1. Taking the convex hull of the Cα atoms, report for segment 194-235 its projected area averaged over all directions, in nm².
2. Once you sort the root eigenvalues of the Cα gyration tensor of segment 106-183 as a ≥ b ≥ c, which label holds: rounded (a/c under 1.5), prolate (a/b larger than b/c) or oblate (the other case)?
3. What do you get when you divide the Cα radius of gyration of the chain by 2.2 N^0.38 Å, with N the number of residues?
4. At q = 0.13, 0.26, 0.27 Å⁻¹, what is the log10 ratio I(q)/I(0) for segment 2-82, with the Debye formula run over Cα points and no solvent?
5. Just need the relative contact order of the chain here, percent rounded to a whole number, with Cα pairs under 8 Å and 6+ apart.
6. Distance between Cα centroids, segment 173-196 to segment 120-150: provide it in whole Å.
7. Going down the table (K220/K287; K154/K180; K275/K328; K147/K264; K154/K266; K175/K250), which pairs top 19 Å between alpha carbons?
8. Sticking to Cα atoms, compute the Rg of segment 233-274 to one decimal and its Dmax as the biggest Cα-Cα distance, whole number, in Å.
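Rule-based calculations on the coordinates, nothing more; no lab input. Source: prediction; values computed, not measured. A quick note on method: Cβ atoms are made from the backbone with ideal geometry, for glycine too, and the neighbour counts reach across all protein chains shown.
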Amino acid sequence: MRANITKLRAFAEEVLSQAGITINGSNPWDIHIHNENFYERVFRYGSIGLGESYMDGWWDCERLEEFFYRLIPLDPEKIVKKNIKLITYYLGSLIFNKSSKSRAFVIGERHYDIGNEVFRNMLDKRMIYSCAYWHNAKNLDEAQEAKLDLICRKLYFKPGDKILDIGCGWGGFLKYAVEKYDVIGVGITVSKEQAQYAKDICKGLPIEIRLQDYRDLNEKFDHIVSVGMFEHVGRKNHRTYMEVVNRCLKDEGLSMLHTIGAPKTKIASDPWIDKYIFPNSLIPSLKQITSSVEGLFIIEDLHNFGYNYYLTLMAWFENFHKNWEKIKEESEGKYDERFYRMWKYYLLSSAASFKCRHHQLWQIVLSKKGVPEGYQSIR
């Protein structure tokens, strides 16, 4: 057993050295091992083994985002590509529709309904849980408001327009759009917590909030927005989603898809992320998106500001870490140290993926027949 651990450690040292990471080294991105069983757990279970061993306190790193910034470009998936458990996981994703209508509310129950205490103490004042736009912004509140305004301007909102927000979150975008651009809003979400919060903050405004799956929509809107929701649609449902948007969008209207993007097409999410953070979700590639809109929409504009998500996630982690004791107090002890480590791992590993440009953030403007005389890009 000891000989096996020694061999695995030597292999880990060899792999990590390629990223400039030293086991028990002195750099802030170096990994410090507290349990020697770490090596076998990681090589046996891959992504899940690495994440769960961190959650269990088997290893630490002073700057977790810098550790992943160096590790991700190595493509560690290749190291465990022969792992039978991972092969089974990916085959299951290939065969089954993990985001079918019968599973539509799972993501709401397991992620967005964990408790508003976490999100209220982590996000900006408008509770916007998607990439902010940091161009000329000094803080998270300004960056999120800049993003909301950017969406409104890209879709040419005018007074009286009826706007649909698919995956409306806590209602922050619709509230902003109605107050600043005098539009009428309908928001749908699969999260009970989000729906109730959104109804409360939008009370008295021309905004309707529904607990509803997008596949049940069948009415017309001037413009349709989706901000950070398409990642939950699933590759087997991309075309269905676009068909729903096409059905519900007026002929002269515009739609925006604001989504995280992957550099290459995949059939399954990272196993740890799927298990602990975003079940049944998948970050789409540009190929998957363009295939889903073919024959339905014209892509008028594509804007990539993925590095902004690194800045956003780091701001979220700063708030989460700073307010951790407050979160525990408000939730009456519902969250423990393992949850803190899980959430930290999620936020900082995600931040690293955007910093090294492994993931992107796309805003894609779509029209059904093309904008007369051409669409004017707005940045």
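1. Numbers: hull surface 15.9 nm².
If I average the Cα hull's projected area over directions, I get 4.0 nm².
2. On the way: a/c = 2.36, a/b = 1.33, b/c = 1.77.
Oblate, because a/c is 1.5 or more while a/b does not exceed b/c.
3. Ratio of Rg to 2.2 N^0.38 Å for the chain: 1.02.
4. So the normalised log intensities work out to -0.35, -1.64, -1.75.
5. Details: 670 pairs, mean separation 70.1, N = 379.
So the answer I get is 19 percent.
6. One Cα centre to the other: 16 Å.
7. Working: K220/K287 28 Å; K154/K180 14 Å; K275/K328 23 Å; K147/K264 26 Å; K154/K266 29 Å; K175/K250 22 Å.
Among K220/K287; K154/K180; K275/K328; K147/K264; K154/K266; K175/K250, the Cα-Cα distance tops 19 Å for K220/K287; K275/K328; K147/K264; K154/K266; K175/K250.
8. 13.5, 42
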